[in-house]
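Colleague: Please read through the structure below; I'll follow up with questions.
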Amino acid sequence: MTTITRFAPSPTGLLHVGNLRTALHNWLLAKKQDGKFLLRIDDTDRERSEEAFVEAAREDLAWLGIVPDSEERQSERFALYEAAFDKLREAGRVYPCYETAQELELKRKVQLGRGLPPIYDRGALALSEDERAAKEAQGIDPHWRFKLDHDEPIGWNDGIRGPVKFDPAQLSDPVIRRGDGSWLYMLPSAVDDIEMGVTDVLRGEDHVSNTAAQVQMFAALGASAPRFAHEALLVGKEGKLSKRLGSLSARALRERGLEPEALLSLLARLGTSMPVEAIVRREVLVESFDLSTFGRAPAKFDEDELVRLNAQIVHRLPFAQVAERVPEGMDQAGWEAIRPNLTRVDEAGEWWAVVTGSVVPPTMDPEEREYLTQAVSVAEGISWDENAWHALTAALKEQTGRKGRALFLPLRQSLTGRDAGPDMGALLPLIGRDTALERLRAAAGG
Ligand code: GLU
């Protein structure tokens, strides 16, 4: 059977790193099994869903190279949910409820006050036909709950958590439909998972109790349940990640100039027993993906780690992959000379300006100026065809007896206007003979 996974965002905000991680894991799981990965837009909540967030989600996934095999939208599938609802209703598995939010809140408080778990008491099930009619005559539109079968223990073998068991009597019958007829997440998701042939549901552990109810829903709809796996949540430095943590949205990270590979490398393995390392080739992530390496403890998302990985990725990016993003005129040699000094590709401009722009001559002591004057005459005499830096420094070392910092630093400062930076051996040929001489002369005092 072909593995089919899905990522099912509700388009009510921008995707953040926690959502992307779920998307990535589902994609990796599908790829590893040569299966299919679906993007399902959970947009039954018309008021809170926005088209702009649907587009943003597509864009974010495309940026990461997570390409869905197809896209589905719940808002186009209401007829299916209606049919499933009717079926469950006929089977006595959904029932109308009339409590207001305040009444339910009060019941919960009373239960908690008595030290009882706040489980829905099925008060609505006890209503007689007449009582229900009276409620409806008062203009109360019922909301609907799925009736859990208390005689049917719930269990599944979770791909991450191992065997999970629930006593259905310890769960509230979940509300599946509101008084205005709109759908909550539970039923449409189960219907779609059945309809779309989803074989593996991999999602956050905040869904574990939903899964418990959905396991019975699948059975009530006459379908077998998919495999489930619930991953520990991702936490940020501030605790729980929420969609509103704008700075950790995919978009914000993209706009900060981070490479998709850095994010993929981090998210693929964070919270697993595999090492987090900079990985450029997606196939490596696919091949090594393994749910049995996932831990139960919340995984901590650390932005500094992301930046470190980004630098490691940038140091390995071939010119062809960045050609469109580097400053005008920068060629492969320029990129390769500068790349080891970058944390992000967009910093290349700064260093390219050092090569091609003008450099403020550093102020030098008389002794250094004398040394640089010598450097000028050596530089005039050496061959610039290859290894100019080596030729320059070897000759100066011999003439002056300088070595280490004293030998190199004044040259670097004069040639780049900075104390540190890319390897001078690679940089000097890019600066070129004429500019190099000009800069050395300027630093030597004209
Ligand atoms: N729309 C749901 C959410 O964003 C999907 C959960 C699921 O994967 O079933 O939480």
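Colleague: Starting from the residue with the highest accessible area, list Met1, Met424, Met196 in decreasing order, probe 1.4 Å.
Modeller: Result of the area sort, largest leading: Met1, Met196, Met424.
Colleague: Let me ask something else. Any chance you could list P(r) for segment 344-390, counting all Cα-Cα pairs in 5 angstrom bins from zero, rounded to whole %?
Modeller: 5, 15, 14, 17, 23, 15, 7, 3
Colleague: Write out the GluC sites (Glu not before Pro) in segment 222-323 meeting two conditions: DSSP loop, and at most 14 other Cβ atoms within 10 Å of their Cβ.
Modeller: The qualifying sites are Glu238, Glu277.
Colleague: Explain nothing, just the number: dipole magnitude of segment 166-321 about its Cα centre with +1 on each Lys and Arg Cβ and -1 on each Asp and Glu Cβ, in debye rounded to the nearest 20.
Modeller: It comes to approximately 400 debye.
Colleague: Shifting gears a bit: Choose one of Gly197, Ala268, Val345: the residue whose Cα lies farthest towards the positive end of the charge dipole of the chain (beta-carbon charges +1 Lys, Arg; -1 Asp, Glu; about the Cα centre).
Modeller: The residue sitting most towards the positive pole is Ala268.
Colleague: Determine one quarter of the surface area of the Cα convex hull of segment 1-63, which equals its mean projected area, and express it in nm² to one decimal.
Modeller: Its average projected convex-hull area is 4.4 nm².
Colleague: Below 15 Å, Cα to Cα, which aspartates and glutamates can Lys32 reach? Residues fewer than 8 away in the same chain don't count.
Modeller: Asp69, Asp200, Glu283, Glu287, Asp290
Colleague: Related question: Cα to Cα, under 26 Å, and not fewer than 8 places away if on the same chain: which lysines meet these conditions relative to Lys135?
Modeller: Filter leaves Lys87, Lys107, Lys109, Lys147.
Colleague: Keeping all protein chains in the complex and leaving out DNA, RNA and ligands, what accessible area do you get for Lys87 with a 1.4 Å probe, in Å² to the nearest 10?
Modeller: Spelled out: Lys87, probe radius 1.4 Å, area about 100 Å².
Colleague: 222 nm [θ] for the chain, helices only, -39500 (n - 2.57) per DSSP H run of 4+, per residue, to 500?
Modeller: It comes out at -14000 deg cm²/dmol, rounded to the nearest 500.
Colleague: To the nearest 20 debye, what charge dipole does the chain have about its Cα centre, counting +1 at the Cβ of each Lys and Arg and -1 at the Cβ of each Asp and Glu?
Modeller: Computed about the Cα centre, the dipole is about 960 debye.
Colleague: Also, I was wondering about something else. Using a 1.4 Å probe and ignoring any ligands, DNA or RNA, find the accessible area of Leu106 and quote it in Å² to the nearest 10.
Modeller: Roughly 110 Å² of Leu106 is accessible to a 1.4 Å probe.
Colleague: A further question follows. Just the accessible area per residue of the chain, please: how many Å² with a 1.4 Å probe?
Modeller: Value for the chain: 48 Å² per residue.
Colleague: Here is a follow-up. Just to be sure I understand: of the beta bridges DSSP finds with both ends in the chain, what percent are antiparallel, rounded to 5?
Modeller: Of all bridge pairs located within the chain, approximately 50 percent are antiparallel.
Colleague: Could you tell me which GluC sites (Glu not before Pro) in segment 1-98 are loop residues by DSSP with no more than 10 other beta carbons within 10 angstrom of their beta carbon?
Modeller: Answer by residue number: Glu47.
Colleague: How large is ³J(HN,Hα) for each residue in segment 23-33, as worked out from phi by the Karplus curve 6.51 cos²θ - 1.76 cosθ + 1.60 (θ = phi - 60°), to whole Hz, x for Gly and Pro?
Modeller: 4, 4, 4, 5, 5, 4, 4, 5, 4, 4, 9
Colleague: Could you please report the charge total around Ile4, scoring K, R as +1 and D, E as -1 over all other residues with beta-carbon less than 15 angstrom from its beta-carbon?
Modeller: My count for the surroundings of Ile4 gives -1.
Colleague: Give me the log10 of I(q) over I(0) for the chain at q = 0.07, 0.08, 0.09 Å⁻¹, as the Debye formula computes it from C-alpha points; what are the numbers?
Modeller: Summing over Cα pairs of the chain leads to -0.53, -0.62, -0.72.
The values are calculated or read from the model by the stated rules, or taken from the named source; none is laboratory data. Since this is a predicted model, take the numbers as computed values, not measurements. Note: ideal-geometry Cβ built from the backbone for every residue, glycine included; neighbour counts use all protein chains shown. Only protein heavy atoms, including side chains, enter the accessible area calculation; ligands, DNA and RNA are left aside. Shrake-Rupley method; radii C 1.70, N 1.55, O 1.52, S 1.80 Å.
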